[in-house]
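Since the structure comes first, as C-alpha cells, the remarks are kept for the end.
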Amino acid sequence: MPSPPSHPALDFSGVAVWEWDDRSRARVPILREIDWQVGAGEAWAVLGPNGAGKTTMLAVAAGVRHPSLGIVRVLGAQLGRVDVRELRTHIGQVSPRLEESFPPVRAALDVVLSGATGSIAVLDDRLEESDPERARRLLALFGCGELVERQFGRCSQGERRRVLLARALMHRPPLLLLDEPSDSLDLPGREALLAALERLPREEPATAVVLVTHHLEELPASITHALLLRRGAVIARGPVADVLAGEPLSDCFGVSVSVSRDEGRWTGRARPSW
C-alpha cells in the first residue's frame, strides 16, 4: 500500500543494476551506486545521453525491475518485500510504448476509463459511479474534451499522449512516471502535451512526477528538480536551477553545453568537440 505523503515517493539507497555479458563473461554495470529521493509533490526530470541508464532507472521505479544491489522503496514499500502487482496499481505511467496496448477502434473515453482499474479493457463492474464524469473532466482539462467519442487510432499522436496522461491520473496515483512522453511528437503536439503537464500540480499537488527525456526542450515549466545520469552514475541532482546549468550538463553529455531559460522553459545548445 502507498505510504503517507510525508514519506518519499521514491527512495533509492546504494542502488546498482548489473547485466551479464555472455561474450566477456562478466557483469556489466547499468546503474552504479544510485542514492536518490523523490518527495511528494516534487517533479523530477531525469536526463542523460543514450545508454546512461535512464530507462533502467524508470523500470526500477515502476517495480518492473529489481536492483542487483541496494534498497529501493517505492511509496514506502521495499522492492523484494512487497507484491509488486499491487504496488503498480498505485503508479501512473505514460510512454510511447503504452499507446500500442490499446485497439485503435477504442473510444478515447474508454481508454481513460481503463485507468480507473489499471487495466487495458474497461471493467464496468469495477468502476465507481463517479468515474465517467472524472474521465470526461480530465480529458477536458488537458484540451481533449472533444475527443470523448473519437477512436483512439484516429487521434493525433499528441492527442493520444494527452489521453494517456488523463488515463494515468484516473486513480489519483501518488507517483507518475513519464518515459519520454514527447518522443516523436511534432511541435504543436509537444507543446500541447507540455501545457497539459504544467497543469498537473494544480490537479494533483501531492503527486510525485518523474519524467525521463533526452532534451531540455521537452521539459515542462513545472519541473522542480533534476537528476543527470552518465554511464549509470549520477553526475548531479537537486533543484532544477542548480542542475540544468551549463557545467553539470556539459559534464553529463561530454560536450560543451550552454543553457537558456525563458518563462520556465529550457533551451540547450551543444558545441561539438571536433
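Of note:
- Taking 0.890 mPa s as the viscosity and 25 °C as the temperature, the Stokes-Einstein diffusion coefficient of the stretch 93-172 based on its alpha-carbon Kirkwood radius rounds to 204 µm²/s.
- Cα centroid separation, the stretch 13-28 to the stretch 121-185 (Å): 37
- Antiparallel content of DSSP bridges confined to the stretch 146-267, in %, to 5: 65
- With the convex hull constructed from alpha-carbon coordinates only, the stretch 1-88 shows a mean projected area of 6.3 nm² over all directions.
- DSSP finds beta bridges in the chain, and of those with both partners inside it, around 65 percent are antiparallel.
- The Cα center of the stretch 42-95 and the Cα center of the stretch 198-221 differ in position by 17 Å.
- The order of the peptides 15-28, 186-199, 151-164, 93-106 by mean Cβ neighbours within 10 Å, most packed first, is 151-164, 186-199, 93-106, 15-28.
- Net charge over other residues, Cβ less than 12 angstrom from the Cβ of residue 151 (K, R count +1; D, E count -1): +1
Readers should treat all values here as calculations from the given coordinates under stated rules, not as data from a laboratory. Note that the coordinates shown come from a computational prediction; the quantities given were computed from them, not determined experimentally. Cβ atoms come from the backbone with ideal geometry, glycine included; neighbour counts cover every protein chain shown.
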